[in-house]
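Contents: one structure, followed by commentary.
The values are calculated or read from the model by the stated rules, or taken from the named source; none is laboratory data. Keep in mind it's a predicted model, so treat the numbers as computed, not measured. Note that we place each Cβ from the backbone using ideal geometry, even for glycine, and neighbour counts take in every protein chain shown. Heavy atoms of the whole protein, side chains included, go into the accessibility calculation; ligands, DNA and RNA do not. Shrake-Rupley method; radii C 1.70, N 1.55, O 1.52, S 1.80 Å.
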Amino acid sequence: RPIQNPLVPGGAANPIDAFLLRRLKAKRLGFSTEAGKRTLIRRATFDLIGLPPTPAEIEAFLTDETPRAYDRLIERLLASPRYGERWGRHWLDVAGYADSEGYTESDAERGWAWRYRDYVVRAFNDDMPWDRFIREQLAGDEMIQPPYADLTPDQVDKLTATGFLRMAPDGTGSGANNAVAKNQVIAETLKIVSTSLMGMTVGCAQCHDHRYDPILHSDYYKLRAVFEPALDPANWRTPQSRQISLFTEADRKQCADIEAEAKKLDADRQAKVDFFINRTLEWKLRKAPEELREPLRAAYKTPAAKRTEEQKALLDNHPSVRQISPGSLYLYDREFNEEIAKLNAERKKVDAANAADKAEALKKIDGQIQYFRDSLTKVVLDAMTKKVADLRSTKPEEPFIRALTEQADKVPVTHLFFRGDPGQPRAAVKPADLSVVALDKNPIPQNDVARPSTGRRLALARRLTDGTHPLTARVLVNRFWLHHFGRGLVDTPGDFGKLGELPSHPELLDWLPP
């Protein structure tokens, strides 16, 4: 039924009160006693920001005797950042907001889902019109031109808004990238859209005509065709591959410059590793028979794949040489420290003696001590490793948007599934709104040639918000009423169909939408 513009009954100064009072009088009832100011401020504050009023706020309201005291209270609460946090939560619940993918036991984290959460909170605090709010969530990506690079704040918001269509459980990136999981993502997305914006249990028509509401089996797949260009089972993208980078060219250049410097430090570190390996090798060769030192050195420095059988056997017989590697260098630090301790003890003896060549002997010992200190790998290499890591940590973090977009030149053909089984496709269908509410307005294009995308979701969004759709506005104001007063005018907010509750005040439900 189209939304009507009912006449406001008489009998009350406030139109909402007038609608309610008429129903009450029909049952020989009336309003309760008017609430006191202390009750009012507590109700309003809890309702709008989810927190109790402070004692100072209560006192200020109680002592304000001006006619606009209550108006100012409401204006102050609506202006609070807490308002968006409180009321944004209700929409996030409708959207099925979650910080992890669900579906599989691994329950992978959604690292950037919080951007959509913040978008919703900000939209409420900025008083974003609801038609814009809905259109951006359904088709924000279709409002801007790809490629999505060097984005403006407004473009970032529009892409972020499409996170609404990314809230369905999605296990395709965490161990369930199969036909059943893909189909489930699409089915859950349609359920979120239809219950939140139409109050219709569209999912019941996935396998057959709806048992109670006028939703055909084919209607379900026509609606699915609106979303399949972005959720295409034949060209599926996992959650990770759907992310859009917010890096600018300046960010990329900064990262490239830092990486270039880091690679220089990597090269310096590798040179130091090579130095330490040679030092350690020469140290170990000292302990080998003199006639084997050169063959061992040659065998060690020959790449493993090119060593002769004799070289392999020689190294096997001298494991202390064969086992020298970058990963084992630190193991030799103990031996070098033991040598340093011995040399320090020897130095003390020489220093205590009165030999004529004492100065020369001490100089020689100090040279040997320095040799072993230079061979201590852990401290030196750890410091160099940390320096490289610290430099790389200065790169700006690459932020992403969890968005829904279409792939250029990949427009799938949507088929009706026999009994809802994706393995049994039947007739092809074209995109369309539900026939019971379409009214031939804002028809869904098969492929909008004026856009790089199909334009299907944008057309649906415009249909839902064109002011003539019989469900969207009613569903929304019913949710507002529900969250303000604890019970909706329709007590089944996600089901305005035959199995849902009839509206207690149908005329008020039509009067409330602007």
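Restricting the first member to segment 463-486 and to residues that are open to solvent by less than 10 Å² (accessible area, probe 1.4 Å), and the second to residues that are among the small types (Gly, Ala, Ser), the beta-carbon pairs closer than 6 Å and six or more apart or on different chains are Val475/Gly199; Asn478/Gly488. If I filter segment 214-234 for residues that are in a helix (DSSP H, G or I) and loosely packed, with under 13 Cβ neighbours inside 10 Å, do I get at least one hit? Yes, that holds for at least one residue. Within segment 261-292, being open to solvent by 80 Å² or more (accessible area, probe 1.4 Å), over 54 Å from the mean Cα position of the chain (by Cα) and among the basic types (Lys, Arg) holds for Arg286, Lys287. Open to solvent by 20 Å² or more (accessible area, probe 1.4 Å), more than 18 Å from the chain's Cα centre (by Cα) and among the small types (Gly, Ala, Ser): which single residue out of Gly199, Gly203 fits that description? The unique qualifying residue is Gly203. Hey, can you tell me all the residues within segment 68-112 that are more than 17 Å from the chain's Cα centre (by Cα) and at pLDDT below 95? If the condition is that a residue be more than 17 Å from the chain's Cα centre (by Cα) and at pLDDT below 95, then Thr104, Glu105 are the ones that fit.
Return yes when Glu188 is in a helix (DSSP H, G or I), charged (D, E, K, R) and surrounded by fewer than 20 Cβ atoms within 10 Å (Cβ to Cβ) and no when it is not.
yes
For beta carbons closer than 7 Å, sequence separation of 6+ or different chains, a first residue in segment 274-287 that is free of Cβ contacts under 8 Å to residues at least 60 places away in the same chain and a second that is charged (D, E, K, R) and open to solvent by 50 Å² or more (accessible area, probe 1.4 Å), the qualifying pairs are Leu281/Arg297; Leu285/Arg293; Leu285/Arg297. Being within 26 Å of Glu228 (Cα to Cα) and touching a strand residue (DSSP E or B) at 6+ places or on another chain (Cβ under 7 Å) narrows it down to one residue among Tyr103, Tyr97, Tyr116; which is it? None of the others qualify; the one that does is Tyr116. Scanning segment 374-394 for residues that are surrounded by 15 or more Cβ atoms within 10 Å (Cβ to Cβ) and among the β-branched types (Val, Ile, Thr) yields a total of 3. Checking the stated criteria, Val449 turns out not to satisfy the condition of being outside any strand (DSSP E or B), touching a residue at least 60 places away in the same chain (Cβ under 8 Å) and hydrophobic (A, V, I, L, M, F, W, C). Looking only at segment 152-172, residues that are farther than 30 Å from Leu482 by Cα and either surrounded by fewer than 20 Cβ atoms within 10 Å (Cβ to Cβ) or out of contact with any Lys or Arg (no Cβ under 9 Å at 6 or more places or on another chain) (or both) come to 5 in all.
Name the residue that is least open to solvent (accessible area, probe 1.4 Å), counting only residues in segment 343-373 that are at pLDDT below 85 and among the β-branched types (Val, Ile, Thr). Only one residue tops the list, namely Ile369.
Quick grid of which residues meet (1) more than 19 Å from Arg22 (Cα to Cα); (2) part of a helix (DSSP H, G or I); (3) touching a strand residue (DSSP E or B) at 6+ places or on another chain (Cβ under 7 Å):
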{"site": "Asn478", "(1), (2), (3)": "yes, yes, no"}
{"site": "His483", "(1), (2), (3)": "yes, yes, no"}
{"site": "Gly494", "(1), (2), (3)": "yes, no, no"}
{"site": "Gly497", "(1), (2), (3)": "yes, no, no"}
{"site": "Ser504", "(1), (2), (3)": "no, no, no"}
{"site": "Asp510", "(1), (2), (3)": "no, yes, no"}
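Matching residues to (1) basic (Lys, Arg); (2) out of contact with any helix residue (DSSP H, G or I) (no Cβ under 9 Å at 6 or more places or on another chain); (3) under 29 Å from Lys222 (Cα atoms):
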| position | (1), (2), (3) |
| --- | --- |
| Val437 | no, no, yes |
| Asp440 | no, yes, yes |
| Pro443 | no, no, yes |
| Arg487 | yes, no, no |
| Gly500 | no, yes, yes |
| Ser504 | no, no, no |
| Leu508 | no, no, no |
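Of the residues making up segment 143-185, those that are outside any helix (DSSP H, G or I) and touching a Ser or Thr at 6+ places or on another chain (Cβ under 7 Å) are Asp150, Ala168, Gly171, Thr172, Gly173, Ser174, Gly175, Ala176, Asn177. Of note, Glu397 does not satisfy the criterion of being closer than 30 Å to Arg456 by Cα and either open to solvent by 80 Å² or more (accessible area, probe 1.4 Å) or modelled with pLDDT of 85 or more (or both).
Filtering segment 21-80 to residues that are on the phi > 0 side of the Ramachandran plot and either open to solvent by 80 Å² or more (accessible area, probe 1.4 Å) or assigned to a helix (DSSP H, G or I) (or both) leaves only Arg28.
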